[in-house]
Amino acid sequence: MNTLKKLAFSILASVFVFANANAGELAVSGSAKVTYTILSVDGSATDDSAGKGLGMANEFSLTAGGELDNGFTWATNIDIDAATVQDDASMVIGMGGLGSVKFNISDGGIQKNFSSSQSVYGTPVDNGEGGTYTDSPDTGAMHSIRYTTPSGLPLGLSASVQYAPYTGTNDANSSNAAGAVDVEDEDAIAYAVDLAPIEGLAIGASYYNPDSPKTAQKSEGGAWYATYDVGMVSLGYGESYFADGHDTNTTNEVDNYQNRQMSIAFNVNDSLSLSYEKIDSEKNYETSSSDVEMSVDSMQAAYTVAGMTLSLSNEEYDNHDYTTGNKMKETNFALSIAF
């Protein structure tokens, strides 16, 4: 860890030794989405049903970028959500053949949890109600510093390391604010790698390693994925893992989560795409007799016309919320416009 910190400080020192930036350009982009969600049941006492819901999501981004006098590039963004709250921000310094450094304010992580997904509307467990699906954590919601290798490496290699000096979040931090209170872990570091060894094939993996205070089992997580595009068909498979940190005690605590994702998409034409995705998630306890597996099957379609996208997805859950016998059916309609 000390070696990585020294490397990060050395990179930062080189980044800040440059002349003033040339004038950059400011741009505004965003999206608006209207959704209609229906939850239904099969009639058993444990089924979930929350009825129908109509919603809207809006977000726009202010982006700017330019070139420094020494040839480095810079880019920054601020995202504003529907509540007119700044919820993400970042600044990237591109150093050419030396790679890039990115400063993140809850602007996204490098985990590969859903990199295998080929769903044309969205990852099934992240649509509509979703449920209590648990995956590997990441530094994405934290404030962090990321280093990424330069492009053009053999086999399409790209590697990143992201360090969060504290795990608490405070999206509206000013430039001189102190850190937020840690959630549990003091700091965290994440690693990721992607490869494109042959045309159409992409593989990658990530690992999350927080400074866990737990004594019996340290928390950690990771994921790997593979995707393959051939003609109008795209295939994806991935797995992710999360070891839940805990202290020594006599209770039956959650030991780990193990997840599998399989998906396929078919691009019918330039306007219409169809997909199927299946996710299985095991919640494993210290006592194996308490283990439970939640599964979800999703069928999706997306149609783009006149600058807007109409989407439809249907999810069917077994053991929803990791509760044995709990079922849920979910249908989502969405209309999205990007600008």
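The values are calculated or read from the model by the stated rules, or taken from the named source; none is laboratory data. The structure presented is a predicted model; accordingly, all values stated were derived computationally and were not measured. Glycine gets a Cβ as well: all are built from the backbone with ideal geometry, and neighbour counts include every protein chain shown. For accessibility, only protein heavy atoms count, side chains too; no ligands or nucleic acids. Shrake-Rupley method; radii C 1.70, N 1.55, O 1.52, S 1.80 Å.
Summary table
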item	result
The stretch 324-339, residues that are in a strand (DSSP E or B) and either of a type outside the set (A, V, I, L, M, F, W, C) or at pLDDT 90 or above (or both)	K327, K329, E330, T331, N332, F333, A334, L335, S336, I337
Residue tally, condition open to solvent by less than 60 Å² (accessible area, probe 1.4 Å), closer than 27 Å to G307 by Cα and at pLDDT 85 or above, over the stretch 54-74	5
Among (1) buried (at least 19 other Cβ atoms within 10 Å of the Cβ); (2) modelled with pLDDT under 95; (3) not small (G, A, S) - the single one E184 does not satisfy	(1)
Set S158, S90, S100, S136: member being touching a strand residue (DSSP E or B) at 6+ places or on another chain (Cβ under 6 Å) and under 29 Å from E315 (Cβ atoms)	S136
Filtered residue count, the stretch 259-301, keeping only those that are among the aliphatic types (A, V, I, L, M) and open to solvent by 10 Å² or more (accessible area, probe 1.4 Å)	8
Residue within the stretch 318-329 that is more than 18 Å from G236 (Cβ to Cβ), open to solvent by 50 Å² or more (accessible area, probe 1.4 Å) and touching a helix residue (DSSP H, G or I) at 6+ places or on another chain (Cβ under 9 Å) present	yes
V92 vs. criteria open to solvent by less than 20 Å² (accessible area, probe 1.4 Å) and outside any loop (DSSP other than H, G, I, E, B)	no
Extreme residue, modelled with the lowest pLDDT, among residues of the stretch 197-239 that are open to solvent by 50 Å² or more (accessible area, probe 1.4 Å) and under 22 Å from Q162 (Cβ atoms)	P213
Breaking point among (1) under 15 Å from I279 (Cβ atoms); (2) more than 16 Å from the chain's Cα centre (by Cα), for I145	(1)
Test: residue in the stretch 303-323 that is more than 23 Å from I38 (Cα to Cα) and part of a strand (DSSP E or B)	yes
Selection status of P154, under 26 Å from D280 (Cβ atoms) and of a type outside the set (S, T, N, Q)	no
Flag for D88 being at pLDDT below 90 and in contact with a helix residue (DSSP H, G or I) (Cβ under 7 Å, 6 or more places away or on another chain)	no
In the stretch 127-143, residue nearest to Y225 (Cα to Cα) [restricted to those that are open to solvent by less than 40 Å² (accessible area, probe 1.4 Å) and of a type in the set (D, E, K, R)]	D135
